[in-house]
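The next block holds one structure in the form of structure tokens; read it before the comments.
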4 protein chains.
Amino acid sequence: MVSLNDFGPEVRAEVKQVREVVASLHEQLIKWNLVVWTAGNVSQRLHFADLMVIKPSGLRYESLTPESMVVCDLNGELVDGQASPSSDTKSHAYIYRNMPDVYGVVHTHSTYATAWAATGQEIPCGLTMMGDEFGGSVPVGPFRLIGSEAIGEGVVDTLKKYPHSPAVLMQNHGPFAIGCDAEAAVKAAAMTEEVAHTMWAACQLGDIIPIAQDDIDKLNERYQNVYGQH
Amino acid sequence: MVSLNDFGPEVRAEVKQVREVVASLHEQLIKWNLVVWTAGNVSQRLHFADLMVIKPSGLRYESLTPESMVVCDLNGELVDGQASPSSDTKSHAYIYRNMPDVYGVVHTHSTYATAWAATGQEIPCGLTMMGDEFGGSVPVGPFRLIGSEAIGEGVVDTLKKYPHSPAVLMQNHGPFAIGCDAEAAVKAAAMTEEVAHTMWAACQLGDIIPIAQDDIDKLNERYQNVYGQH
Amino acid sequence: MVSLNDFGPEVRAEVKQVREVVASLHEQLIKWNLVVWTAGNVSQRLHFADLMVIKPSGLRYESLTPESMVVCDLNGELVDGQASPSSDTKSHAYIYRNMPDVYGVVHTHSTYATAWAATGQEIPCGLTMMGDEFGGSVPVGPFRLIGSEAIGEGVVDTLKKYPHSPAVLMQNHGPFAIGCDAEAAVKAAAMTEEVAHTMWAACQLGDIIPIAQDDIDKLNERYQNVYGQH
Amino acid sequence: MVSLNDFGPEVRAEVKQVREVVASLHEQLIKWNLVVWTAGNVSQRLHFADLMVIKPSGLRYESLTPESMVVCDLNGELVDGQASPSSDTKSHAYIYRNMPDVYGVVHTHSTYATAWAATGQEIPCGLTMMGDEFGGSVPVGPFRLIGSEAIGEGVVDTLKKYPHSPAVLMQNHGPFAIGCDAEAAVKAAAMTEEVAHTMWAACQLGDIIPIAQDDIDKLNERYQNVYGQH
């Protein structure tokens, strides 16, 4: 088995830093009400080696420290860590191998996003925030069993058809979100739940006013290129 | 009346440790929004004697300390403690006597689980998380009055028909959850509310896509045997 | 104007203690999500004089200290305090004058209780918790304007018809709750919101299974006489 | 470019104080669940110069300090600050230029207010709290793209038609709230979400009982002139 000692100091330093980032982002999942008990996981890919840092399987959030985070290669094999990696590790690995710009992946069972997923309906684009963040609807991916990389395949296949969306609702299961790092992916997961909740509530009131595709495109273009600190 | 002094030091040490565990798990009921004011209760059975530790009746959560937890025998009779035991003590005791693998019992009135219970409908299995945790639907138990062991009988009768489910929704009342210890039962109570909320929200959106029984079985088998740290 | 100096040391000591209790119970309104910004108010009647302690009007919860609590007589006239009393003071006073067993009153605009109030529908009794706490449905009181004792009259008239209920939903307005002290009234306000939320959610799922009146009576009898520490 | 050094010590002192107020009010947006991640923004106009203090664009709430708040003129041009101002700066500036009594503006995407906005329906007045705070319904403003002052125009045009309302729901987007300072605007934003949530829940239960216009006027008159500390 490969071990962290097979890598140079630059990689080991990045592992240390990414372990801190990934552990700390799990607190954000709790803060924004995206997970219950041990559900959900965050990973981040390294830049200096084909490795990723991911949550261990089935640990309560109170127990998650930087040291408890697990290092795996991009086939999902354990490289460093005291605990078994998340059940979704092979799917995170598949996403990194097949989407080279993605360096962060998050999976939750957040309540309203998962409710849409249980009905197999995508979340229609009725909010400027959806134009900004998703460039349209939030898509639904196929039903897949847990444990292999089958979920990762479903995520990649779906997101390739929705190139502006950083999230996909896996049918009967819950959202997967991606980003240029783990923080961006956690933000996408938080935004997915927020638009899922808002659009769910709107559907109970009556018909949603659709936003013209041309306006959605302008919102997305501005948000991706002008919003924030450049 | 039997007292703790009738037991050896090993039992008294276990009582001390379980009092800490049970008091601390009541904080988890608050953290996950499963209870209001004084509602809800957690118990854990001992391994070294036919005793259980349970919450006192009607105390606010701010007042719950390890010392205030009550020790009863498995007929629900008080063995040690300054306060009257929970109104549900005889039902917890019945469950322990009749389900020898169960060492933790939790009762809540968590909002969405109790909403399903008020309509007498089981929660249909539309989520992989339900396959994992419950092996199918979350069942409904009969209407029973509070104070005797009648609720415990209803819990046991129902769970014997749903051997993969760690929780039952008592009609017009609320969920009871079980586990190999009190922490596992609290987890089951938290998951019951989460799937109750998600499936409730999904039902407002339209038809749920059912999960094939074969897939539910595979999810449950993997989760019970592979998930977590082994 | 009467002042606190017109009363003896026993009364002044009770005022000091009740100011601490009432200030601290306002934190419970925040904790249980019963109020937003400055909405809501708690009062407690004294035992040693015909006085009550109540929240000042329009102050943010961060600013509420024991010293900022206002003392009024049972006509709602200011006796001691730096700030104007709550807009609902005359209604609290009316309740104390007309219900001599009541020593605590709480008013909130908690979300789901107020939603029921906006439709003028009482909350039907579909939960054992409602049998316990309310002895049946939670009743609706008449529409009344704010500022005079008209709301207090509506509360008293309604509760006299529902002698087991510690709360009434004032139409288009929100709940008023009563108790043997302010803590009991705050508990009743918290329970009102919880059963309002649960029964609201249940109504979205389908028909509620009614509980037989005989069973409701047994639940209420046991809860009022056996539950808790006696 | 104009800089803060072009202003006298009185203005610079007000800038320092308002930066503290505006930074601290962003914590209230989190406290009352009005925003997710980086969404939402608060500004306050100065009294001693035609300047305003506003949130920087796209920063997480954990990073918001008084020093990070940005100073702009009333055309939305940067006057002082290390970071780019909020995307909504030109709209805040437009509101201040066209509504001279307004010294605070808040924008959120709070869940239930935004759900109403997605359907283009105003929130009907079914609560005494709405009579108090809004003097009637909460109005809907037009669909507008983000980044220019077009949103500000829509806000002003709508509020001129609803002179008692301190908030408008911009269609498919979310609420804008105004006040005599930033704290009053944040209060209006919190109240907008609360009445949006309550009326949304009420609509799921059945028909809302309307409040007579005469009673709405009396509630609004009393609240604006008698409520609170005068």
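Screening D:VAL195 with (1) more than 7 Å from chain C (Cβ to nearest Cβ); (2) closer than 17 Å to C:LEU59 by Cα gives one miss only, at (2). Inclusion of C:LEU169 among residues that are over 25 Å from C:ALA23 (Cβ atoms), in a strand (DSSP E or B) and not hydroxyl-bearing (Ser, Thr, Tyr) is warranted.
Taking segment C:74-99 as the range and being more than 18 Å from the chain's Cα centre (by Cα) and of a type in the set (Asp, Glu) as the test, the residues that pass are C:GLU77, C:ASP80. Picking from residues in segment A:37-64 that are at pLDDT 95 or above and among the β-branched types (Val, Ile, Thr), the one that is farthest from A:GLY147 (Cα to Cα) is A:VAL53. Within segment D:134-157, is there a residue that is of a type in the set (D, E, K, R), touching a Leu at 6+ places or on another chain (Cβ under 8 Å), more than 22 Å from A:PRO210 (Cα to Cα) and outside any strand (DSSP E or B)? No, segment D:134-157 has no match at all.
Among the residues of segment A:48-63, the one identified as surrounded by fewer than 21 Cβ atoms within 10 Å (Cβ to Cβ), within 16 Å of B:GLN229 (Cα to Cα) and of a type in the set (A, V, I, L, M, F, W, C) is A:LEU59. Taken across segment A:196-203, residues that are within 16 Å of the chain's Cα centre (by Cα) and buried (at least 22 other Cβ atoms within 10 Å of the Cβ) do occur, with at least one present. Scan segment D:175-187 for residues that are under 17 Å from C:VAL36 (Cβ atoms) and more than 9 Å from every other protein chain (Cβ to nearest Cβ) and the total you get is 5. For segment C:118-162, filtered to residues that are free of Cβ contacts under 8 Å to residues at least 24 places away in the same chain and surrounded by fewer than 19 Cβ atoms within 10 Å (Cβ to Cβ), the residue that is farthest from the other protein chains (Cβ to nearest Cβ) is C:LYS160.
Look at segment C:203-230: where a residue is at the interface with chain B (Cβ under 7 Å from one of its Cβ atoms) and a partner is charged (D, E, K, R), sitting 6+ places away or on another chain with Cβ atoms under 9 Å, you get C:LEU219/C:ASP132; C:ARG222/C:ASP132; C:TYR227/C:ASP132. All of (1) farther than 13 Å from D:GLN229 by Cα; (2) under 18 Å from the mean Cα position of the chain (by Cα) hold for C:VAL70 with one exception: (1). Taken together, the residues in segment A:65-81 that are surrounded by fewer than 21 Cβ atoms within 10 Å (Cβ to Cβ), in a loop (DSSP other than H, G, I, E, B) and in contact (Cβ under 8 Å) with a residue 40 or more places away in the chain amount to 2.
Scanning segment B:163-174 for residues that are more than 12 Å from every other protein chain (Cβ to nearest Cβ) and within 11 Å of the chain's Cα centre (by Cα) turns up B:PRO166, B:ALA167, B:VAL168. Among all residues of segment C:21-42, there is none that is within 14 Å of another protein chain (Cβ to nearest Cβ), more than 27 Å from D:LEU127 (Cβ to Cβ) and in a loop (DSSP other than H, G, I, E, B).
Checking each residue in segment A:12-59 for being small (Gly, Ala, Ser) and touching a Phe, Trp or Tyr at 6+ places or on another chain (Cβ under 7 Å) picks out A:ALA49, A:SER57, A:GLY58.
Conditions (1) of a type in the set (D, E, K, R); (2) modelled with pLDDT under 95, marked per residue:
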position: C:PHE143; (1), (2): no, no
position: C:VAL155; (1), (2): no, no
position: C:LYS160; (1), (2): yes, no
position: C:ASP215; (1), (2): yes, no
position: C:VAL226; (1), (2): no, yes
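Just one of the listed residues (C:SER84, C:SER24) is surrounded by fewer than 20 Cβ atoms within 10 Å (Cβ to Cβ) and in contact with a Ser or Thr (Cβ under 6 Å, 6 or more places away or on another chain), namely C:SER84. Would you check if B:ALA190 is under 30 Å from B:LYS90 (Cβ atoms) and either within 14 Å of chain A (Cβ to nearest Cβ) or in contact with a Pro (Cβ under 9 Å, 6 or more places away or on another chain) (or both)? In short, yes.
Here is a yes/no grid of residues against (1) within 24 Å of B:MET129 (Cβ to Cβ); (2) among the hydroxyl-bearing types (Ser, Thr, Tyr); (3) touching a Lys or Arg at 6+ places or on another chain (Cβ under 7 Å):
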position	(1), (2), (3)
A:SER24	no, yes, no
A:GLU27	yes, no, no
A:THR38	yes, yes, yes
A:VAL71	no, no, no
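When segment C:51-64 is limited to residues that are among the small types (Gly, Ala, Ser) and assigned to a loop (DSSP other than H, G, I, E, B), the one that is nearest to C:ARG19 (Cα to Cα) turns out to be C:SER57.
Scan segment C:142-161 and tell me whether some residue there is of a type in the set (S, T, N, Q) and within 24 Å of C:TYR223 (Cβ to Cβ). Looking through segment C:142-161, at least one residue is of a type in the set (S, T, N, Q) and within 24 Å of C:TYR223 (Cβ to Cβ). In segment C:82-104, is there at least one residue being of a type in the set (Lys, Arg), away from chain D (no Cβ under 14 Å) and under 22 Å from C:THR192 (Cα atoms)? Looking for residues that are of a type in the set (Lys, Arg), away from chain D (no Cβ under 14 Å) and under 22 Å from C:THR192 (Cα atoms), one finds none in segment C:82-104, hence no. One residue alone among B:ALA185, B:ALA177, B:ALA202 is out of contact with any Leu (no Cβ under 8 Å at 6 or more places or on another chain), at pLDDT 95 or above and not in a helix (DSSP H, G or I), and that residue is B:ALA177.
Take the conditions in contact (Cβ under 8 Å) with a residue 24 or more places away in the chain, buried (at least 24 other Cβ atoms within 10 Å of the Cβ) and within 21 Å of C:HIS26 (Cα to Cα) and apply them to C:VAL186. Does it pass? In short, yes. In a residue-by-residue description of segment A:88-103, the property of being touching a residue at least 24 places away in the same chain (Cβ under 8 Å) and in contact with a Pro (Cβ under 6 Å, 6 or more places away or on another chain) applies to no position.
The values are calculated or read from the model by the stated rules, or taken from the named source; none is laboratory data. From a predicted model like this one, the values you see are computed outputs, not experimental measurements. Reconstructed Cβ throughout: ideal geometry from the backbone, glycine too, with neighbour counts over all protein chains shown.
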